[in-house]
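Participant: Okay, handing you the structure first.
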Amino acid sequence: QVQLVESGGGLVQAGGSLRLSCAASGSIFSIRAMGWYRQAPGKQRELVATVPTGGNTNYADSVKGRFTISRDNAKNTVDLQMNSLKPEDTAVYYCMGDLRTQFSIYFKTYWGQGTQVTVSS
């Protein structure tokens, strides 16, 4: 079993900052990538930022220069520092882990339960 647990969402005024954290735990054998996605009401889930193991970070154009993703491979955690927040950043943010468990030879995408981020104007 694998769990991804997020924390750090909340309500903030436009221009403010929030930091999201996610910890992956369970029978993890290997992690290929971790990242963050978001889903606003009435919209599809979209990529925010990802960081593959040993690779370069990837950001959505809409958050470049404002958001920073960081990962601790030893602790299986990934954080998202969000600055200069805008009302259009309002969404449920989901942590993502592309990983392999001890019981499978295949990689699979796992998701956290989501954390609400609301930016008021």
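The values are calculated or read from the model by the stated rules, or taken from the named source; none is laboratory data. Since the model is a prediction, treat every value here as computed from it, not as a measurement. Here the Cβ positions follow ideal geometry from the backbone for every residue, glycine too, while neighbour counts run over all protein chains shown. Just so you know, the surface numbers come from the protein's heavy atoms only, side chains and all, with ligands and any DNA or RNA stripped out. Shrake-Rupley method; radii C 1.70, N 1.55, O 1.52, S 1.80 Å.
Participant: Output the residues belonging to the range 24-64 that are open to solvent by 70 Å² or more (accessible area, probe 1.4 Å), part of a strand (DSSP E or B) and over 23 Å from residue 84 (Cβ atoms).
Facilitator: If we filter the range 24-64 for residues that are open to solvent by 70 Å² or more (accessible area, probe 1.4 Å), which is where we start, we get 29, 32, 41-46, 53-54, 56, 58, 61, 64.
Now narrow it down to the ones that are part of a strand (DSSP E or B): 29, 32, 46, 58.
Passing the criteria: 29, 32.
Participant: Here is a further query. So residue 9 passes all but one of these: (1) loosely packed, with under 14 Cβ neighbours inside 10 Å; (2) closer than 21 Å to residue 120 by Cα; (3) in contact with a Ser or Thr (Cβ under 6 Å, 6 or more places away or on another chain). Which condition number does it fail?
Facilitator: Here residue 9 clears every test but (1).
Participant: Moving to a separate point now. Given the condition within 15 Å of residue 51 (Cα to Cα), modelled with pLDDT of 95 or more and not in a loop (DSSP other than H, G, I, E, B), answer yes or no: does some residue in the range 80-89 qualify? Lay out the reasoning, then the answer.
Facilitator: Keep residues of the range 80-89 that are within 15 Å of residue 51 (Cα to Cα), which gives 80-81.
Of the ones still in play, those that are also modelled with pLDDT of 95 or more are 80-81.
Adding the requirement that they be not in a loop (DSSP other than H, G, I, E, B) leaves 80-81.
Looking for residues that are within 15 Å of residue 51 (Cα to Cα), modelled with pLDDT of 95 or more and not in a loop (DSSP other than H, G, I, E, B), one finds at least one in the range 80-89, hence yes.
Participant: For the range 89-109, which positions are open to solvent by 70 Å² or more (accessible area, probe 1.4 Å) and touching a residue at least 12 places away in the same chain (Cβ under 8 Å)? Write out each step before concluding.
Facilitator: Step one: filter the range 89-109 for residues open to solvent by 70 Å² or more (accessible area, probe 1.4 Å), giving 102-103, 105-108.
Answer for the range 89-109, where residues must be open to solvent by 70 Å² or more (accessible area, probe 1.4 Å) and touching a residue at least 12 places away in the same chain (Cβ under 8 Å): 102, 103, 107.
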